[in-house]
Each structure stands twice: as C-alpha cells, then as structure tokens.
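**Student:** Starting off with a structure, shown below.
Derivation of every value follows stated rules applied to the coordinates shown; laboratory data play no part. Bear in mind that the values here come from a model prediction, so they are computed numbers and not experimental data. Here Cβ is always computed from backbone atoms with ideal geometry, including for glycine, and neighbour counts include all displayed protein chains.
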Amino acid sequence: MKFVEIQNIKSDKFAKALYREAFPLRERKPYFMLKRKTVSVNAITENGEKCGIIIYIETADLVYIDFFAISAVSRGGGKGGKAIEAFCRAHAAKRIVLEIENPYIDCDNAEQREKRKNFYLRHGFTETDVNVKMKGLNAILLTYGGEVSYEQYLRALTEGYGKAFVKFLSPVLV
C-alpha cells in the first residue's frame with residue numbers, strides 16, 4: 001500500500017467520487033477546507049491502482065484521521081485493513097485518533113456501525129470513553145498508539161481546520 005498526495009480532491013475524479021459516495025453530505029467538509037495546508041488528502045494505491053482515500057491532520061503529537069474509505073470495488077479483499085495498518089506504521093511515532101458513529105445508540109445503520117468499530121479494533125485501535133456530538137453526528141473516538149483526550153482531539157481539529165470552522169462544527173463532549 002502506498003499513499004499518494006492529492007493536491008485538489010475536487011479535480012481528482014477518483015477521490016472526489018469516493019468522497020461523495022462514502023460519506024453523507026452532513027459529514028463532508030467543504031472542498032476548500034480540504035485544500036488547507038494543514039490537511040493532507042491522499043489516494044491509497046496498491047500496485048499503482050487507486051483503491052481508497054485518507055484525509056488527515058497531523059499535529060506535533062498526534063494524527064487525526066478525518067476520512068478513510070476504500071472504494072466499493074476494492075472492499076472485502078483486505079485492502080482496508082492493509083491500508084489502515086500501513087498508515088499506522090507510517091505514523092508510528094504519534095498517536096492516531098478518529099471518530100466513528102456511535103454504535104451504542106438506536107439507529108437505522110446499527111449493524112454497519114458495529115462492523116466499522118470492529119474493523120478498527122481488529123487493526124489495533126482502542127475504544128475510548130470520549131463521546132462527541134457535532135452538527136447532528138454522535139460519535140465516539142478510537143485511538144491507536146495511546147490515549148487521546150477530548151482536549152487533544154479538539155486541538156487537532158482546530159489546528160487543521162481553524163477556530164472559526166471548529167466553532168461552526170460545535171463539537172461537545174457528551
């Protein structure tokens with residue numbers, strides 16, 4: 001697995017299509033936010049073929065994965081696991097944090113949420129007791145390589161997207 005930087009997700013047909021397919025509109029960031037110097041957008045490739053995307057913010061002490069997706073045609077063959085493990089190895093010097101939709105609340109996609117949580121747990125992530133609500137999303141934090149507090153998570157969001165956008169998101173600890 002390799003990670004290839006994408007300068008502009010809006011002009012990369014594969015990345016743009018996967019971003020739109022994999023993430024509901026309410027969860028997507030505007031394209032201009034993904035062009036910030038503090039935000040990294042990478043295509044995930046295997047044997048030169050794009051199979052996924054990962055969008056993340058790297059701070060001095062941690063990495064915040066905002067979006068991770070494997071294309072529908074590439075799912076089910078272990079590429080997602082290989083990709084997340086390769087990413088974690090590449091960032092082994094830092095703790096990694098990401099959000100998943102809270103699998104413990106009543107919802108229409110409970111099975112999907114549980115599968116997503118179990119995927120990350122199988123690949124070395126640990127569930128935290130940090131539950132965050134923002135703009136209609138109820139999420140829990142998962143970490144790799146050590147604990148991450150709500151404050152550290154919030155700092156990474158702010159460093160990556162800026163104070164004004166984080167204020168707009170209004171993440172609150174539940």
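**Student:** Kindly give Rg over Rh for region 1-88, based on alpha-carbon atoms, with the Kirkwood expression for the hydrodynamic radius.
**Tutor:** 0.94
**Student:** Continuing with this model, one more query. At most 12 other Cβ atoms within 10 Å and a DSSP loop assignment: could you name the trypsin sites (Lys or Arg not before Pro) in region 124-163 that fit? Before the final figure, lay out the partial values.
**Tutor:** Numbers: sites: Lys133, Lys135, Arg155, Lys163; in loops: Lys135.
Sites meeting the loop and neighbour criteria: Lys135.
**Student:** Projecting each Cα onto the charge dipole of region 1-124 (Lys/Arg +1, Asp/Glu -1 at the beta carbon, about the Cα centre), which of Ala15, Ala93, Cys107 comes out farthest on the positive side?
**Tutor:** Of the options given, the answer is Ala15.
**Student:** Could you tell me what fraction of 2.2 N^0.38 Å the Cα radius of gyration of region 2-173 comes to, as a two-decimal ratio?
**Tutor:** Rounded to two decimals, the normalised Rg is 0.97.
**Student:** Structure shown: which of Lys82/Lys163; Lys50/Lys117; Lys115/Lys163; Lys13/Lys117 lie over 31 Å apart, alpha-carbon to alpha-carbon?
**Tutor:** Lys82/Lys163; Lys115/Lys163
**Student:** Could you name the aspartates and glutamates whose alpha carbon sits less than 19 Å from that of Lys135, not counting residues in the same chain fewer than 8 places away?
**Tutor:** Glu27, Asp66, Glu99, Glu101, Asp106, Asp108, Glu151
**Student:** Another one. Where does the chain land at 222 nm, in deg cm²/dmol rounded to the nearest 500, when only DSSP H runs of n ≥ 4 count, each adding -39500 (n - 2.57), divided by all residues?
**Tutor:** -9500 deg cm²/dmol
**Student:** For Cys51, Cys88, Cys107, what's the fewest-to-most ordering of other Cβ within 10 Å of each Cβ? Show your work: numbers first, answer last.
**Tutor:** Details: Cys51 23, Cys88 18, Cys107 13.
Final ranking by Cβ density, sparse to dense: Cys107, Cys88, Cys51.
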